[in-house]
Each structure stands twice: as structure tokens, then as C-alpha cells.
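The values are calculated or read from the model by the stated rules, or taken from the named source; none is laboratory data. The structure displayed is predicted, hence computed values, not measured ones. Don't worry about glycine lacking a Cβ; one is built from the backbone with ideal geometry, like all the others, and counts go over all protein chains shown. Keep in mind that these areas ignore ligands, DNA and RNA; they rest on the heavy atoms of the full protein, side chains included. Shrake-Rupley method; radii C 1.70, N 1.55, O 1.52, S 1.80 Å.
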Amino acid sequence: MSTHPVRPSYAAVLRVPHACRTFVAALVGRLSYGTVSLALMLSLTRSTGSYAVAGTLMALFGATSVLLSPYRAALVDRHGPRRALLPMALLYAALLCALAAACWRPGTPAAVLAVTAAAAGAVTPPLGPTMRAVWAEVLPDRAMVRRAYSLDSVAEELLFVSGPLLVGLVVGVAPPAAGIVLSALLVAVGTLGFVTSPAAGALRPAVRDKAGAPAAGRHGTGRRRSLVQPVVVAAAVGVSVSAVDLLVVAFAGQRGLGGGTVAWLLAALSAGSAVGGLLNGAVSRGSSRARLPFLTAGLGLSLAAAGLAPGVGTLAVAVACAGLFVAPALTTAYLIADEGAAPGFRTRAGAWCNTAVNAGGSAGAATVGLLVERLPLPVCFAVSGAVAVAAALVPGRRRVRSAGAAGAAGETAQSSSEPVSSEPSSERESSERSAVTLPVRGSTRQSRSSSPEERVSTSQATSPSP
């Protein structure tokens, strides 16, 4: 097991060889997701002259993007990021440019816009799940991975805040379709920089059997079941966050307040989430599965309490307190998904959590939209919080390591029936992952092989698939 004379930190994460370059490139590409939604909505509204048609087209774009996310991630797991992610990103960028050209002037048939928008959503590259899979592959232990995931979540939060502001600057000097072109440029440049990084090369394709199917272990069903808790929690967080977005609008509307008040309330949620994410990575202890129910329940109870706020200031504080649990809950869900996945299936596991967040957000917006016209706001806040509390009651599944030969090393394997908690088993696997990284802060590591190909083949041959 690795030993570290210096306590892991966010700076230590970024000092890992090639980590900073890879992370920055991924953030450039992911900024596209922060800009494309507003740019598309403005462009489609201007082109069609109808909010209803534009909304339908946006729904098509979002539906294909969300529902096909696990399948796109499976391509990355199967072929590796360089062979799968880059062609996907270039095709996505090309379709966005085609959509921008179709929206540049009004009059394009809605059917043409619908087909192009749906096709673009279908090939959205899974940069977020792939970056998290890279973090899990190149960092030496779970403490470092937890900090990396927390940093990743906070950065993603900031991207979705700054993206619309960037589009606002663009549309001030150019047609809205220019914002779509900017989104295409960001994803192409960012993905190119990401996949050419040596760190991205550490994420190898999954080992496949002679028939071309993924190598499966006896506990594949157990690994799939281990995703239930993080996926349910991710969906509940999506429901809760989207509910807050709509509920603060209704709160401001009932009191005759302007859009500026709504912006400040949503900024409080984002600020709380960013602070919570950083604190979670820096001070959290213990098993991820033990922390997740408390974080999810904390989010739910905070939202229920927010419904009792008598004024804007009190609501802002309550929403910020709820935000403290958002990024930590999502970060922990991603960690559990990664811990339950074999090394060649990490991108797919993270993509299921991503899909759950987005699907939960859509369901939450639709449901709360119906409730807010029929129930008092405090009750609506309580209902949205109850969803998170209910998700906190979903039991986690402990990982099971299968027995297997350790190869030429002649190691004594664990019995496949012996249950092991997720954190320690992940730390035992960290010595295998660290073969791809250079020494960090003088830590000592055990390396089973000198080449990444041999290391991944060994770990996947002894680990069941999800």
C-alpha cells in the first residue's frame, strides 16, 4: 500500500504528471456544455419564431444526449478515449456547426432542425465521465481520487455558471448561432488536447474474450447492483436541484420580486455547492458508502427547511446550506460507481450517474411545475426534499472481490466469498493503478508490471465486469 509523508491535497492532485494539462483540456471541452444550451435556445427561437417549437427541438437534443450517454461511454470503454472520444467529438462539433448554419437565418424547416439537433445530441462526447475515469486510473490512492473528484465537481459547477455568461457576451456582438459555433470549437479543441495527453492514454480499452465480448467475472451481477445506490442518489440530487430552480422563481413571483432576486438565490445554491465540494474533498473521512446516506439526507432536510423561509435573505441562507450537500453527494456517488466498476468499465459507470442526474433534473422540473400551481410553496419544498431523503434510505452493496491467481508473482488471493468494504479494496487496487504514474511526493508503491498494457490486463483478468 502506498505511503505518503505529506498529506494529500488539491495541489498534490494537480502535481501528478500530466494531470493539470489533461484536466484543463477536459474543462475546455466541457465548457461547451455550459454554453450550448442557451446558445441553442436563442438560435432556435430566432430561427423558428416559436418558443414551443424551440422547446421541442431542445427536448429532442437533450433526450438523445441523456438517454444514449451510457452507450457512448461504452464505446470509450471498449475502444479507449483516443479511438472513440475524438471521432465522437469531431462529429458532434460538425453537427453543431451544421445546426448553427441552419439557424443563422430564419426559415429553415423545423424537420431539418429536429433531425440535426437529435443527431448532435446522440453523439455528445462523455468528457466528464471519461475525465473521472482517468482520475481513478492515474492517481495513487483513494484519498487523492476523492480530492480529484471534488475538484472536478466544483469546476463543473463553475463551468455551468460561466457558460451562459460567455454566451451573453457573444450574442451582444453576433447572432445567437455564433454561440453554437463557439460551443463546437470548444469541444473540438478541448477533446483534442485531452485525448493527446499521456494521462488519457492510461485509460486502456476493456479486455475482451475471443468472441469479442467484454470479459465477465462471476460477480458481474453484484457489480451492476453496486451501481443502484449511487445512480438512485444521483437521480434524487437532479430532482432536488431542478426543483430549487423552479421554486425560487415561484417564490420571487409570489412576492413581486424581479429576476435579479432569482439570480442571487441560484448563485447561493451554486456557491454552497462549490464550498461543500471543496470541504468534502479536504476533510471527509471513512467509507464512501457510509457517507452517502448522510449527505443525501442532509440535502433533503435542508430543502424542506428552506420552504419555511420567511424572506429572501433567509431563503438564500437556506438554499446555500442545501447547496453544501449537492457537490459532496454527487462526488461520493461517482466515487462509489467507480469503486464498483472494473478498471475497463469506469467510464460507463460514471456515465450512468451522469444520466441519472440529467434524467432526474428533467423529471423534477416537470413534476414541480405541476405541483407549484396546486400546492403551497412550503409543501413543494418539502416534497422535493423528501425525494432526497427517500434516496438516502436505499441500501448500498458491499464490494466482493473474486479469488484469482496473481500471475507470476505467486500471490495468495482472497477468497471470492469474503466481503470487503469499498474503501480498503480500492486502496489495494491503487498499487496496480499507480504503475502508470510517476512517483508523487516520495511515495513508495508496489508495481506489478512496467507497462500500462500488462497492468490493465492483469487487473481486469482478476476482476469481474460490472
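Quick notes on this one:
- The simple spin-label model puts a point 7 Å past each Cα toward its Cβ; for Val283 and Ala390 those points are separated by 3.3 nm.
- Cα gyration tensor shape for the range 17-72, rounded if a/c is under 1.5, else prolate or oblate: oblate
- For Ala94 and Ser162, the difference between the fully extended length at 0.36 nm per residue and the C-alpha to C-alpha distance is 22.1 nm.
- Neighbour net charge for Ala327 - beta-carbon separation under 14 angstrom, K R +1, D E -1: +1
- Model label points for Ala114 and Leu169, set 7 angstrom from Cα along the Cα-to-Cβ axis, are 3.7 nm apart.
- Column: log10 I(q)/I(0), Debye, Cα scatterers of the range 268-375, q = 0.21, 0.24 Å⁻¹: -1.21, -1.35
- The alpha carbon gyration tensor of the range 94-176 gives principal lengths a ≥ b ≥ c with a/c of 1.5 or higher and a/b no greater than b/c, which makes the shape oblate.
- Accessible surface calculations at 1.4 Å, restricted to protein heavy atoms, place the range 236-361 at 32 Å² per residue.
- Cβ crowding within 10 Å averaged over residues, with 356-369, 132-145, 36-49 ranked highest first: 132-145, 36-49, 356-369
- Linear extension gain, Leu370 paired with Ala290, 0.36 nm per residue minus alpha-carbon span: 25.3 nm
- Here the 3J(HN,Hα) profile of the range 386-392, calculated from phi with Karplus coefficients 6.51, -1.76 and 1.60 at θ = phi - 60°, is 5, 4, 5, 4, 4, 5, 5 Hz, Gly and Pro shown as x.
- Table column - 3J(HN,Hα) (Hz), the range 163-177, Karplus curve with 6.51, -1.76, 1.60, x for Gly and Pro: x, x, 5, 5, 4, x, 5, 5, 6, x, 10, 8, x, x, 4
- For Phe160, the solvent-accessible surface with a 1.4 Å probe is about 110 Å², rounded to the nearest 10.
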